[in-house]
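Right, one structure below, let's go through it.
Rule-based calculations on the coordinates, nothing more; no lab input. All values reported here derive from a predicted model rather than from experimental measurement. Heads up, the Cβs are rebuilt from the backbone with ideal geometry, glycines too, and the neighbour counts pull from every protein chain shown.
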Amino acid sequence: MSIVEIESEDQFTKLTKSDPTKLIALYFHTPWAAPCQTMNAVIKTLAQANPTTLFLSIDADKLGDISELFEVSAVPYFILIRNSTILKELSGADPKEFIAALNQFGDKPSTNQETNSSASISAATDAATSVPQESSASQNGAHEEESADALDERLKKLTTAAPVMLFMKGSPLAPQCGFLRQLVAILREHQVRFGFFDILKDDSVRQGLKTFSDWPTFPQLYVNGEFQGGLDIIKESLADDPEFFENALKAQ
Ligand SMILES: N[C@@H](CCC(=O)N[C@@H](CS)C(=O)NCC(=O)O)C(=O)O
Ligand code: FES
């Protein structure tokens, strides 16, 4: 089964109810988020390699009601469902995590398909080098010898990966501390769509960003590649200007 691009809520309801025992993979994305561009290719490959799984692709901006139903506040976002039960939720552009979840909950593909899929999946994974969350590869030492310049370059890319980028501990659905929870709530309240990076997955980014932004703590919020501040500063900025986010997004 290839991937179905959802056009309406009705179509979504019909498809998700048609065969409850089938594994359904929801892929939330937006046209503007750079990490989604990479994941689009990965998802296409995975849909071909896992014909028994129903892949539904959902534009989170266009289909806000479905996104709200699943409390999707950042993209890319994945949800695996079977028998109307959420088996797994994943956020961020880490193809490896998604592939592992599919292997865990999906039906095993035939040997032939397995060979094909692992080849193309690793190609798709390689393509993800410059996007957020991929750098969790540093956990396995992939960035061990990263020079100061290379880190600086990577931070520049990360801070501009989406118009609004939040550097946080954990993910928007599972913020790992109260400061993060508050800032995520503020962003939701103002209906700001944002990309995020989990700094707990990459210590080089965690430490490097403190120097890069000249700011010692997290959360850190970037708009159009410009550092805006941590939680307290964002609260102050909003008190001074209720349209702070709109204005920051307009400024180039
Ligand atoms: N008042 C700060 C609170 C942020 C804060 O104190 N964060 C700490 C604890 S989450 C931090 O990031 N420490 C540095 C680290 O964990 O690397 C703000 O406005 O953002
Ligand atoms: S992780 Fe402890 S206060 Fe944020």
Here the convex hull volume per residue of the stretch 146-250, taken over Cα atoms and given in Å³, is 89 Å³
Rounded to two decimals, the Rg over Rh value of the stretch 1-52 from Cα coordinates and the Kirkwood Rh reads 0.98
Among beta bridges assigned by DSSP with both residues in the stretch 146-250, the antiparallel ones amount in percent, to the nearest 5, to 70 percent
Loop-resident GluC sites (Glu not before Pro) in the stretch 27-98 with no more than 12 other Cβ atoms inside 10 Å, DSSP not H/G/I/E/B, are E71
When H190, H29 are ranked with the fewest other C-beta atoms within 10 Å first, the list becomes H190, H29
